[in-house]
Each structure stands twice: as C-alpha cells, then as structure tokens.
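Data block below; observations after.
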Amino acid sequence: MAWGRKLAFIAVVVSIIGVPGCASLPADTQVKAFADAAATTTTTLQTALDTNRLLVIKVSQEREGLFYITDNEQFSLSLTDDDKRDLLTASKQIEVLEALNSYANALSQAADKGVTAELASAASTLATSTSGLVSAASPTSAAIIEPAGKFAGDLAGIALKNQYALKIRQIVRNVDPFVQRIAEQMPAALAEIIDGTRHQVENYQVSRGLTLAELRSDRRSTRLDLYREYLLARADVDGAWTLQTALENSAGIFAKLAAAHKALAENAPNSEAAIQDFATVANDLAALIKAVREARASK
C-alpha cells in the first residue's frame, strides 16, 4: 500500500475509532455490562432447561418412594420404561446456550483485558452452533475472525487501546447476525421442550402433594414433621415453577439480548439504555432464582 493511501486509511480508521478519550466506540463499561448480563442470562436459562427437562427423575423417585412406604410391592429402584420415554432431550439448544455463554464470557474478558483471541474463537464457535437452528440462507462463520487481524499492519501509530477496541467492535459487528438469528429461532426451537417441561413440573407438583397427603395420614407424624415436610415440598415446587417461568419468558429475554447486542454492534445512540434494560431483566431473573434456591437450602 502506497504511503499516501496508508495515511488515508489510517485517517479513516482514526475517524472510526477516535483518539484516546473519544467516545466514538462503545465504552468498555457498556461492553462489559452487556457481556455480564448475557453470561448471567445464558447460565440461568441453561440451568432451567437442564433441571426441568430432568424432573421426570424426581417424579419417578416420588412415585416409587410412595409405593414403597405404602407397602406396594410394585415399587422400583430405577426409572421405568415409561419414565425413560418421558426424558426430554435438548442437546442442540443447550449447545447454542453454551456457545452464547462462552462468547459472553470472552467478550467480558476482552473488555477487561483487551484480549481478543478468545473472543474471536468464541464468536466463531457461536456462529457454528447456530447451524441446526438457522436456514441455509444464514450467514456463515468464515468472516467472523478475519477483521481481528486484517488491519494489523495498517494500525501502526494508533493507540494500542483503540486497536483492541476496534478489533472488539469488528467481532461484535460480525457476530451480530448470528445473535439476531438465535433470538429469532430459539423460541421456536424451545417451544416443544418448554411444553414438555411444564408437564413435568405439573407432574412433580402432584407427586409432592400425594407424598404430603400420605405423610399426613400417618398418625405418627407430628405437626412439626408435617410442617417441615410441607416447607421442603413447597420450596422444591416453587423452584421448579420459577425455572419454568424463566423458560416460558425466554422469547422476551432473547429479544432484549438481541436488541442490546445490536445496539452495541452499531454503537447506537440508545445503546446504553438497551444494555441497561437487558441487564435489569438478567439480574432480576438471577436474583429470583437465587432467592428460591436459598429458600430451599434453608429448609
């Protein structure tokens, strides 16, 4: 590249990324705020999906335990064939959530330390993970990591911090179509599973109720025993329903994630508000689930 053209290129880059202290790029705090909220959200949704799709195991334990204490000789110490058929699989959906979580964590690290290699790798993995959710017309992952090193030779003389900021922005912008596609496709990909997990939660609630009723019919049970068993069952069922609500509200959560990521990618004027809106939802959800778990642990 001729020196005159190189100077012109650097001038264009500087106009994009600004000089130190300029706000032309998304602030590190905005990048980190989005990344942390995305990591919290994906962890919560993955926990909800993993926990509730396997509730059939707890339902089986409650049922067979009740058979045992009521002298029903048909009790089993393992899952029945019917139980096994009710187990829900969600390998592709979990793969996408894991990839999104890794991308969020890498983005947070990039905002903190300026390390972009892991971010580029995580972004590429995220794009690949969408293959089972998106159509053939979707963008491919090939271009995601190119901008990270494409302009390296032409950035001499530009502040190192702004070089990192430019790389982060390039990766975020290139991965944004995949994030938008995930937000569009995941609700449909999760719909049948969410219906199944609701059925599992309902069964679990019934099973816990039957066990409580049996314990109450035993005259040897004291009021204190019954009270403790009720609180334990209540905490278990409340926890299951809280996770189920998170799954059933996931379409709205994905929409806010996508809006925040798009605003970050485009460095939109409303990016701070969009990210804060998403972060509030993520933190509220995490706080609610934490409260339910602490209530269960205290019983």
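A straight chain from residue 290 to residue 80 at 0.36 nm per residue would run longer than the Cα-Cα distance by 72.3 nm.
Taking the centroid of alpha carbons for each part, region 246-267 and region 53-123 are 23 Å apart. Each of 277, 284 has some number of other Cβ atoms within 10 Å of its Cβ, and from fewest to most they run 284, 277.
Just to verify a number: FRET efficiency for residue 92 and residue 70, C-beta to C-beta distance, R0 = 30 Å, to 0.05?
Computed FRET efficiency for residue 92 and residue 70: 0.15.
Within the shell defined by Cβ-Cβ distances under 12 Å, the residues around residue 278 carry a net charge of -2, with Lys and Arg each +1 and Asp and Glu each -1. Quick one: compute the contact order of region 45-101, relative version, from alpha carbon pairs under 8 angstrom and 6+ residues apart, as a percent. Dividing the mean separation by the residue count of region 45-101 yields 47 percent. For residue 131 and residue 202, FRET efficiency with R0 = 45 Å and r from the beta-carbon atoms, rounded to 0.05? About 0.85, to the nearest 0.05. Dipole orientation for region 22-114: of the candidates 54, 99, 76, 99 has the Cα lying most toward the positive pole (charges on Cβ; Lys, Arg +1; Asp, Glu -1). Shown for region 158-299: lysine pairs separated by 8 or more places, or found on different chains, whose C-alpha atoms are under 23 Å apart, numbering 4. If you add up the charges near residue 176, with Lys and Arg at +1 and Asp and Glu at -1, over every other residue whose beta carbon is less than 12 angstrom from its beta carbon, what do you get? Neighbour charge sum, excluding residue 176 itself: +3. Taking a Cβ cut-off of under 15 Å around residue 222, the surrounding Lys, Arg, Asp and Glu residues balance to a net charge of +2, with basic ones at +1 and acidic ones at -1.
Exposure proxy ranking for 219, 208, based on other Cβ atoms within 10 angstrom of each Cβ and starting from the fewest, stands as 219, 208.
Just so you know, all these numbers are worked out from the coordinates, no wet-lab data involved. If you're wondering where the values come from, they're calculated on a predicted model, not measured in any experiment. Because the Cβ atoms are built from the backbone with ideal geometry, glycine has one as well, and the counts that use them run over all protein chains shown.
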